[in-house]
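The values are calculated or read from the model by the stated rules, or taken from the named source; none is laboratory data. Everything numeric here is computed off the predicted structure, so don't read it as measured data. Using ideal geometry, Cβ is built from the backbone for each residue, glycine included, and neighbour counts are taken over all protein chains shown.
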Amino acid sequence: MGLGDITYKDVLAATEEFRDLGRDNFLQTYGFGRAKAYELVLDGLLCDSKAIVGVAHRHATGKVLGSRDFSGGAATVARRLRALGFVVVETGKPSQNGATLLDHLRKLKVSRGPGNPAPSRHQPLSLLWAIRREADNQPRLVSWPQFRDEVGPLLVEFGLPNAKATPEYPFWHLRGSGLWEVQGIPTESARRMPRVSILDAHSARAGFTEETADLLRDPVTRLDAIATLCDTYLEDVDRQALFRRMGLDGYTTAGSLSNPPEDGSGDADAKEHDRASGPAPRRATTRSVIVRDEALARKVKELEDDRCQICGTALRYLNRPYSEAAHIRGLGSPHHGPDELQNLLCLCANCHVLFDGLELYVDPDGLVRGTRGDRDPRPLRRNPSHPMKDAHIAYHRNLCSINASKPAAD
């Protein structure tokens, strides 16, 4: 038996123990020391990777792998965790901490134009564009021509009024954030900002550092980074328009985005009288869908007696109770929430739509509020037998905050 026996669910089970016991108690219980080389990042939490793998082996086989039973290097623990789809980062580097990453984002060295006290949006917009690439698993580094052609129009559309679009400035000066690197420029040309002709001549490439990119692959850290950039530099920007233009429209809803029609059959200009009489036409489609655990959905409805946890409504349909199991943190991209009881609410159809549409959120005190400030707060009903993770609720609240005209309370 070895590391190959460990599955994704085994690692999740080990991280739950890590979270419940706390780092020190977890390491002491299983006889591991602090990570020296690699840490696992999951939902913004840094875990000692070797200890996690050793305990995950117990969930897989019934036997803990002790610290002396295997090595914890790049070719063993880090490789196995990454093969299972987890984010693994090196320890001890300045950007290898979610809080430090957000601090770097808040302290960007942005310029301020003459007569305009507002900070330039060039760097924040460029970073959002790069974060979208990470969310889509695109290459970390991008060529200067591609950066210019894709970021330049964004600076025109969403930059400060009357500001000149100069994509070469964020391409180069983001190095000062400690989160960004530029490759391909000779040392003698890198002492000051190179001219555009130098960027062209040397096929310059730029993007997040490897360490930063690793952190941003974690969905919770990525959302925190987006929220930090928006709240610090883009307060007056139409977030939903920006996200749609950026390709970040997955962050405008708590659920999964529906796919647009592939053949124009959903065109709003279609006229009913243009159709022949008889049954509506059909077409064959192929699509990939997330497989939900229906037993969990039934369980949450049973625990809550099919009564909405927000408004208290108990609906009936076809003479039977009707309610919906709603995920707090969406299962699909870009949220990648877990399909677990702690990530489920029992809601009526109306509140489900409002919750997924980011019109409702749960504040830190457990009160349900409207993001537009037009609803009286009311407590979210909680059944002691139905635990909910505060981390999932905070994630949804963060989504509401970056989409609201006024950020939701945190």
**OP:** Residues being at pLDDT 90 or above, more than 18 Å from the chain's Cα centre (by Cα) and hydrophobic (A, V, I, L, M, F, W, C): count how many of those fall in the range 78-105.
**Re:** 1
**OP:** Taking residue 164 as meeting all but one of (1) loosely packed, with under 13 Cβ neighbours inside 10 Å; (2) of a type in the set (Lys, Arg); (3) in contact with a strand residue (DSSP E or B) (Cβ under 6 Å, 6 or more places away or on another chain), write down the number of the exception.
**Re:** (3)
Original post:
Among the helices (runs of 4 or more DSSP H) confined wholly to the range 134-219, which include 1 or more residues that are without any contact (Cβ under 8 Å) to a residue 60 or more places away in the chain?
Top reply: 144-158, 168-173, 196-201
**OP:** Please work out which residue is surrounded by the most Cβ atoms within 10 Å (Cβ to Cβ), limiting yourself to the range 210-256 and to residues that are β-branched (Val, Ile, Thr) and in contact with a Leu (Cβ under 6 Å, 6 or more places away or on another chain).
**Re:** 212
Original post:
Scanning for something of a type in the set (S, T, N, Q), over 30 Å from residue 133 (Cβ atoms) and surrounded by fewer than 16 Cβ atoms within 10 Å (Cβ to Cβ), does the range 348-366 turn up at least one residue?
Top reply: yes
Subject >> Search result, residues across the range 121-133 that are basic (Lys, Arg) and either assigned to a helix (DSSP H, G or I) or more than 22 Å from residue 212 (Cβ to Cβ) (or both) >> reply: 132, 133
Original post:
Pick from the range 290-347 the residues that are at pLDDT below 90 and among the β-branched types (Val, Ile, Thr): which of them is surrounded by the fewest Cβ atoms within 10 Å (Cβ to Cβ)?
Top reply: 291
Original post:
When the residues of the range 106-141 are filtered to those that are hydroxyl-bearing (Ser, Thr, Tyr) and crowded, with 19+ Cβ neighbours inside 10 Å, which remaining residue is modelled with the highest pLDDT?
Top reply: 126
Subject >> Residues of the range 179-191 satisfying the condition of being buried (at least 19 other Cβ atoms within 10 Å of the Cβ) and either under 21 Å from residue 108 (Cα atoms) or among the basic types (Lys, Arg) (or both) >> reply: 179, 180, 182
Original post:
What number goes with the only condition from (1) within 24 Å of residue 392 (Cβ to Cβ); (2) modelled with pLDDT under 85 that residue 71 does not pass?
Top reply: (1)
Original post:
Take the residues of the range 184-207 that are more than 15 Å from residue 146 (Cα to Cα) and of a type in the set (A, V, I, L, M, F, W, C): which is farthest from the chain's Cα centre (by Cα)?
Top reply: 198
Original post:
For the range 1-29, how many residues are touching a Ser or Thr at 6+ places or on another chain (Cβ under 9 Å), over 19 Å from residue 79 (Cβ atoms) and among the hydrophobic types (A, V, I, L, M, F, W, C)?
Top reply: 1
